[in-house]
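The values are calculated or read from the model by the stated rules, or taken from the named source; none is laboratory data. None of these values were measured; they are calculated from a predicted model. Neighbour counts are summed over all protein chains in view; Cβ atoms, including those assigned to glycine, are modelled from backbone coordinates with ideal geometry. When the accessible area is computed, the model is the full protein with side chains, heavy atoms only, and any ligands, DNA or RNA have been set aside. Shrake-Rupley method; radii C 1.70, N 1.55, O 1.52, S 1.80 Å.
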Amino acid sequence: MTAAEQETPMSEVTLAGTPAPARELSRRAAIVGVGETDYHLDYQASRTKPPGYEPPTAESLAKTAFERALADSGLRREDIDGLSVSFTYGGPSPAAMAQTLGIRPRRLIKNGPIMAGPLPAVCAEIAAGECDTVAMVFAIASRALNRQYGGATYTASAAPSSYYYHHPWGWSSQAAHWAMVWRAYQATYGAAEADLGAVAMQLRRNAGANPNAVMQTPLSIEDYLAARFIVRPLRLLDMCLVNDGGVCLILRRADMARDLPHAPVLVAGWGEAKVRGGKMEALVRERLAPQHQEARAQALGMAGVALADIGHFEGYDASSIHLVSQLEGFGFVEAGTGLDHFKRGEAAAGGALPVNTSGGMLSGSYMQGWNQVAEVAWQLRHEAGARQIPGIACSMSSLAQTDQVHPLIFTREV
């Protein structure tokens with residue numbers, strides 16, 4: 001690093017929320033580099049603890065993901081003029097992370113952790129001319145920290161209000177939320193407990209084609225039904241993993257992204273819709289359908305595409321039933337038919353609408369939506385190997401929480 005580069009002034013900003021979807025922001029930025037950590041190997045090591053094993057940290061995971069993304073992009077360190085950091089349970093400041101990575105960007109961004117607003121926020125920064133090439137790093141060391149979820153974990157001082165407000169009624173975790181959703185779905189559509197197993201089994205089959213997936217052992221309906229309950233009627237295999245990992249996405253101005261090693265993946269559209277009142281009605285009975293439809297209209301309108309143009313869907317499968325709610329809520333299938341989509345194998349790479357092709361968060365890796373965007377990039381670059389969707393040109397990812405929905409639409413640069 002030259003003396004002039006060392007003296008480059010850096011500005012730091014904290015970004016919160018999602019920029020309004022606007023056509024003038026569509027396709028202004030492209031993903032040109034992707035890096036992920038070794039989810040499968042790290043998970044195995046955390047279980048067996050071989051001699052000399054040291055649990056990873058958010059910093060070490062982020063650094064590994066960055067180095068891989070930088071190599072993937074074909075760029076140099078000095079090309080990175082923006083750094084966005086996203087750590088769920090604490091991590092280095094943007095300035096400290098930049099030093100660790102050996103870069104000196106002119107724009108330092110402290111960004112949200114889950115993949116809802118962080119990507120649109122960086123796209124808006126690029127469109128505004130604040131930076132040209134941004135490394136977005138995310139890391140979470142849930143397993144290394146022995147992170148526990150639900151129940152006593154969420155207290156009035158440490159939980160989202162939607163959890164502790166409903167605590168007296170047993171809604172003390174996301175699992176309790178999803179269990180109520182599944183009960184209501186069963187009552188409405190006559191679904192049996194075994195029907196939901198089709199989701200877990202299909203995502204495990206998808207994970208079997210991904211050498212980096214945490215869980216790759218084939219899963220039968222007998223295995224599913226034998227799994228212990230987490231919150232009845234949801235079983236262990238209905239819930240997302242708890243693992244360590246990091247993801248880095250390198251975004252660049254679209255007009256600067258065409259002479260790099262891989263096909264640019266354009267960020268074409270996004271949307272955001274929130275529950276404004278009556279959470280139980282919205283989540284359990286409506287399954288956020290109005291929010292899915294509102295956010296879908298925003299994202300499709302911004303991207304200038306139709307729902308039928310989307311040939312690949314990556315949904316936030318915090319639980320199996322929540323993934324079904326997204327599939328139906330966005331209108332990919334009719335309400336009450338989402339389970340049939342999985343039973344028929346339509347969610348596989350060769351199906352009518354492939355879903356969570358790397359295994360999702362149930363079998364692939366739990367990276368709070370970041371690995372879903374990484375999978376979109378692999379698919380749209382046509383570099384997903386055995387799980388590649390033939391000819392895919394447009395994908396959607398979705399980060400849907402218990403009270404809000406955030407879809408993202410991506411297209412392949414031709």
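A few notes on this one:
- Near pairs, Cβ below 6 angstrom, 6+ apart or cross-chain, from region 37-48 (crowded, with 17+ Cβ neighbours inside 10 Å) to any residue that is part of a helix (DSSP H, G or I): THR37/LEU61; THR37/THR64; THR37/ALA65
- Residue satisfying all of: in region 232-245; free of Cβ contacts under 8 Å to residues at least 60 places away in the same chain and within 16 Å of HIS177 (Cβ to Cβ); least open to solvent (accessible area, probe 1.4 Å) among these: PRO233
- The one condition in (1) among the small types (Gly, Ala, Ser); (2) touching a strand residue (DSSP E or B) at 6+ places or on another chain (Cβ under 8 Å); (3) surrounded by fewer than 24 Cβ atoms within 10 Å (Cβ to Cβ) that SER398 fails to fulfil: (3)
- Hits in region 363-393 (condition: touching an Asp or Glu at 6+ places or on another chain (Cβ under 9 Å) and surrounded by fewer than 20 Cβ atoms within 10 Å (Cβ to Cβ)): ALA393
- One residue alone among LEU61, LEU70 is under 23 Å from VAL242 (Cβ atoms) and modelled with pLDDT of 95 or more, and that residue is LEU61.
- Residue in region 171-184 that is more than 30 Å from ASP79 (Cβ to Cβ), open to solvent by less than 20 Å² (accessible area, probe 1.4 Å), in contact with a helix residue (DSSP H, G or I) (Cβ under 6 Å, 6 or more places away or on another chain) and assigned to a strand (DSSP E or B) present: no
- Total residues in region 281-291, condition open to solvent by 50 Å² or more (accessible area, probe 1.4 Å) and without any contact (Cβ under 8 Å) to a residue 60 or more places away in the chain: 3
- Exactly one residue among ALA200, ALA213 is open to solvent by less than 10 Å² (accessible area, probe 1.4 Å), within 26 Å of ALA65 (Cα to Cα) and at pLDDT 95 or above, and that residue is ALA213.
- Qualifying residue in region 227-244 (condition: closer than 18 Å to SER325 by Cβ and at pLDDT below 95): yes
- Considering (1) among the basic types (Lys, Arg); (2) surrounded by 16 or more Cβ atoms within 10 Å (Cβ to Cβ); (3) at pLDDT 95 or above, the lone condition that ARG143 does not fulfil carries the number (3).
- Checking every residue in region 272-285 against the condition of being in contact with a strand residue (DSSP E or B) (Cβ under 7 Å, 6 or more places away or on another chain), assigned to a helix (DSSP H, G or I) and farther than 16 Å from GLN202 by Cα gives zero matches.
- Selection within region 295-309 - open to solvent by 10 Å² or more (accessible area, probe 1.4 Å) and touching a residue at least 24 places away in the same chain (Cβ under 8 Å): ARG296, ALA297, GLN298, LEU300, GLY301, GLY304, VAL305, LEU307, ASP309
- Output for region 71-81, where each listed residue is buried (at least 24 other Cβ atoms within 10 Å of the Cβ) and over 12 Å from LEU260 (Cα atoms): ILE80
- At least 2 residues being small (Gly, Ala, Ser) is the threshold, and among the helices (runs of 4 or more DSSP H) wholly inside region 320-394 those reaching it are 320-329, 370-380.
- Among the numbered conditions (1) closer than 30 Å to PRO118 by Cα; (2) touching a Phe, Trp or Tyr at 6+ places or on another chain (Cβ under 7 Å), the only one that LEU251 does not meet is (2).
- Within region 255-274, being surrounded by fewer than 20 Cβ atoms within 10 Å (Cβ to Cβ) and in contact (Cβ under 8 Å) with a residue 40 or more places away in the chain holds for MET256, ARG258, LEU260, PRO261, ALA263, LYS274.
- Inter-residue pairs, beta-carbon under 7 Å, first on the phi > 0 side of the Ramachandran plot and in region 370-389, second surrounded by fewer than 24 Cβ atoms within 10 Å (Cβ to Cβ), 6+ apart: HIS382/GLN388
- Some residue of region 227-245 being of a type in the set (D, E, K, R), in a strand (DSSP E or B) and within 25 Å of GLN174 (Cβ to Cβ): yes
- Which numbered condition ALA335 misses (of (1) touching a Phe, Trp or Tyr at 6+ places or on another chain (Cβ under 9 Å); (2) open to solvent by less than 10 Å² (accessible area, probe 1.4 Å)): (2)
- Scanning region 89-130 for residues that are in a loop (DSSP other than H, G, I, E, B) and surrounded by fewer than 18 Cβ atoms within 10 Å (Cβ to Cβ) yields TYR89, GLY90, SER93, GLY102, ARG106, ALA128, GLY129, GLU130.
- Residues of region 26-48 satisfying the condition of being under 21 Å from TYR366 (Cβ atoms), in a loop (DSSP other than H, G, I, E, B) and of a type outside the set (D, E, K, R): THR37
- Some residue of region 315-327 being open to solvent by 20 Å² or more (accessible area, probe 1.4 Å), without any contact (Cβ under 8 Å) to a residue 60 or more places away in the chain and not polar (S, T, N, Q): no
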